1. For the stretch 159-172, give me each residue that is of a type outside the set (Gly, Ala, Ser) and either crowded, with 17+ Cβ neighbours inside 10 Å or part of a loop (DSSP other than H, G, I, E, B) (or both).
2. From the list VAL6, VAL78, which residue is in contact with a helix residue (DSSP H, G or I) (Cβ under 6 Å, 6 or more places away or on another chain), among the hydrophobic types (A, V, I, L, M, F, W, C) and either modelled with pLDDT of 85 or more or under 22 Å from VAL116 (Cβ atoms) (or both)?
3. Within the stretch 7-32, count every residue that is free of Cβ contacts under 8 Å to residues at least 24 places away in the same chain, surrounded by fewer than 15 Cβ atoms within 10 Å (Cβ to Cβ) and not acidic (Asp, Glu).
4. Kindly indicate which of LEU156, LEU182, LEU137, LEU141 is of a type outside the set (Asp, Glu), in a strand (DSSP E or B) and touching a residue at least 12 places away in the same chain (Cβ under 8 Å).
5. Among (1) at pLDDT 95 or above; (2) assigned to a loop (DSSP other than H, G, I, E, B), there is one condition LEU99 misses while meeting the rest; what is its number?
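The values are calculated or read from the model by the stated rules, or taken from the named source; none is laboratory data. For clarity, every value in this text was computed on a predicted model and none was experimentally measured. Here the Cβ is made from the backbone with ideal geometry for all residues, glycine too, and neighbour counts use every protein chain on show.
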Amino acid sequence: MVQDWVATLKEKSGRTLEEWIALTRKSGPKDEKGRREWLKKEHGLGTNSAWWIAERAGGKPSVNDDPQAYLEAAEDYVEKMFEGGKTGLKPVYEALLDLAFSLGPDVKACPCKTIVPLYRKHVFAQIKPSTRTRIDLGLALAATAAPKRLIDTGGLAKKDRITHRIEIGRVEDIDAQVKKWLKIAYEKDGVGIR
């Protein structure tokens, strides 16, 4: 996913990664959090792009730049996500991952330190162990009117792809409604709705 992002960044944003890093170092705030917000507000970048550029502008190395290093780190990310008090959520994570992969052969998971984004062309969902008793299934549904169970994340206003979430505490909570909304998010990404 990151490799594709780097390759298409100039086409999508008007600048290469190196150009964004140079601009951010020259004109952006000094702290990483400030750089992320500046890139989003001043330049209209999405959350992931702002995050990755802000890290690199601060000199942070990224395992995401080397596919083999990333694959090694990804397994560790998932293991650490479900250590300690969150161990009981691992079956829920695995069931959600299986459900996502059943949507189509183009679904990919891209584990990070705190979430597991799911994507086709773009991130359409994310699995996040938010508490010791709950996973939030985030969905990229744009301005979709949704039932009460889908909680608005405020993502649209923040220019985040993830606009809604469903709280899931047990495998049994992955019901027809969860399946329906995950499939809708998957299909929206397939037809280019952003």
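1. Residues of the stretch 159-172 of a type outside the set (Gly, Ala, Ser): 159-168, 170-172.
Passing the criteria: LYS159, ASP160, ARG161, ILE162, THR163, HIS164, ARG165, ILE166, ILE168, ARG170.
2. Details: VAL78 fails: in contact with a helix residue (DSSP H, G or I) (Cβ under 6 Å, 6 or more places away or on another chain).
The unique qualifying residue is VAL6.
3. 10
4. Working: LEU156 fails: in a strand (DSSP E or B); LEU182 fails: in a strand (DSSP E or B); LEU141 fails: in a strand (DSSP E or B).
Result of the check over LEU156, LEU182, LEU137, LEU141: LEU137.
5. That leaves (2) as the condition not met.
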